[in-house]
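Peer 1: Here it is, the structure, as structure tokens.
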Amino acid sequence: QVQLVESGGGLVQAGGSLRLSCAASGSIFGINAMGWYRQAPGKQRDLVAVITSGGSTNYADSVEGRINISRDNAKNTVFLQMNSLKPEDTAVYYCTFTGWGYDYWGQGTQVTVSS
């Protein structure tokens, strides 16, 4: 059974940086895309960034220029480098792996940015 395990969340001051990681345990093949979503209290879960198997990326307008998504295909791991963090980036961050016939989600990692 595949599980996605996230790490790297925490508390940081505004302007600081964090790097989130998400690794898949178990056998997984044919990943088409890896992505990160976030959900703030009382709000819907929104896309932050996504990277395809070919390396194409897409970012939410609110994080463009501050956040970079990357992946290690050999290790089935996706990263989210977050710089110049703002209090409005505070949320639970979820990773997701999508392939043919599956859509896995991590359990979420809390990111809190203090002003």
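The values are calculated or read from the model by the stated rules, or taken from the named source; none is laboratory data. Predicted model only: the values in this text are computed from it and were never measured. Note: ideal-geometry Cβ built from the backbone for every residue, glycine included; neighbour counts use all protein chains shown. Heads up: the accessible areas ignore ligands, DNA and RNA and are worked out on the full protein's heavy atoms, side chains in. Shrake-Rupley method; radii C 1.70, N 1.55, O 1.52, S 1.80 Å.
Peer 1: Heavy atoms only, probe 1.4 angstrom, no DNA, RNA or ligands counted: give me Phe79, Phe97 ranked by accessible area, highest first. It would help to have the intermediate numbers written out before the result.
Peer 2: Details: Phe79 40, Phe97 0 Å².
From most accessible down to least: Phe79, Phe97.
Peer 1: Note down the Stokes-Einstein diffusion coefficient of the stretch 23-62 in µm²/s, whole number, using a Kirkwood radius over alpha carbon pairs, 4 °C, and 1.567 mPa s. Don't jump to the answer; show the numbers that get you there.
Peer 2: On the way: Rh = 11.8 Å.
Calculated translational D: 110 µm²/s.
Peer 1: Taking amide H positions as placed 1.01 Å from N in the peptide plane, with prolines and chain starts having none, which residues 5 or more places from Val48, or on another chain, fall under 5 Å of its amide H?
Peer 2: Trp36, Tyr37, Arg38
Peer 1: Moving on. Short version: ³J(HN,Hα) in whole Hz for each residue of the stretch 51-63, in order, from phi by Karplus 6.51 cos²θ - 1.76 cosθ + 1.60 (θ = phi - 60°), x for Gly and Pro, what are they?
Peer 2: 9, 8, 5, x, x, 5, 10, 8, 10, 5, 4, 5, 10
Peer 1: Please report the carbon-and-sulfur percent of the accessible area for the chain; probe 1.4 Å, protein heavy atoms only, DNA, RNA and ligands left out. Please list the in-between numbers first.
Peer 2: Numbers: 2900 of 6070 Å².
Summing carbon and sulfur atoms, their accessible area is 48 percent of the total for the chain.
Peer 1: Would you give the gap between the C-alpha center of the stretch 11-83 and the C-alpha center of the stretch 98-115, rounded to a whole Å?
Peer 2: A separation of 8 Å, based on Cα centres.
Peer 1: Given a cut-off of under 8 Å on Cα pairs at least six residues apart, what relative contact order in percent is computed for the stretch 1-60? Let's see the in-between values first.
Peer 2: Details: 79 pairs, mean separation 14.6, N = 60.
Worked out over the stretch 1-60, it gives 24 percent.
Peer 1: Can you tell me the accessible area per residue over the chain, all protein chains present, probe 1.4 angstrom, in square angstrom?
Peer 2: 53 Å²
Peer 1: Next question, about the same structure. About the Cα centre of the chain, what is the dipole size in debye to 20, counting +1 per Lys and Arg Cβ and -1 per Asp and Glu Cβ, all else neutral? Please list the in-between numbers first.
Peer 2: Working: 8 positive and 8 negative charges, 26 e Å.
The calculation lands at about 120 debye.
Peer 1: At a temperature of 10 °C and a viscosity of 1.306 mPa s, determine how fast the chain diffuses translationally according to Stokes-Einstein, using the Kirkwood radius over alpha-carbon pairs as Rh; express D in µm²/s, rounded to the nearest whole number. Please list the in-between numbers first.
Peer 2: Values: Rh = 14.1 Å.
The diffusion coefficient I find is 113 µm²/s.
Peer 1: Which Cα, out of Val12, Ala49, Phe97, lies furthest along the positive dipole direction of the chain (beta carbon charges, K/R +1, D/E -1)?
Peer 2: Farthest along the dipole direction, towards plus: Val12.
Peer 1: Here's another thing I want to ask about it. FRET efficiency for Gln3 and Gln81, Cβ-Cβ distance as r, R0 = 22 Å, nearest 0.05? Working shown, then result.
Peer 2: Working: r = 23 Å, r/R0 = 1.04.
Taking R0 as 22 Å, the efficiency between Gln3 and Gln81 is 0.45.
Peer 1: Percent relative contact order of the chain, based on C-alpha pairs within less than 8 angstrom and at least six residues apart? Intermediate results must be reported in sequence, preceding the final value.
Peer 2: Details: 280 pairs, mean separation 41.9, N = 115.
It rounds to 36 percent for the chain.
Peer 1: While we're on this one: Based on the mean of other Cβ atoms within 10 Å per residue, sort peptides 15-27, 55-67 so the most packed one is first. Spell out each step's value before the answer.
Peer 2: Numbers: 15-27: 15.8, 55-67: 13.5.
Final packing ranking: 15-27, 55-67.
Peer 1: Which ³J(HN,Hα) values, rounded to whole Hz and listed in residue order, are derived for the stretch 18-35 from phi using the Karplus coefficients 6.51, -1.76 and 1.60 in 6.51 cos²θ - 1.76 cosθ + 1.60 with θ = phi - 60°, glycine and proline given as x?
Peer 2: So the J values, rounded to whole Hz, are 9, 10, 9, 10, 9, 10, 8, 9, x, 7, 9, 10, x, 6, 7, 8, 10, x.
Peer 1: Could I ask something else about it? Spelling out what I want: for every residue of the stretch 89-104, take phi, set θ = phi - 60°, compute 6.51 cos²θ - 1.76 cosθ + 1.60 (Karplus), and round to whole Hz; glycine and proline get x.
Peer 2: 7, 4, 4, 8, 9, 10, 9, 8, 10, 10, x, 6, x, 8, 7, 9
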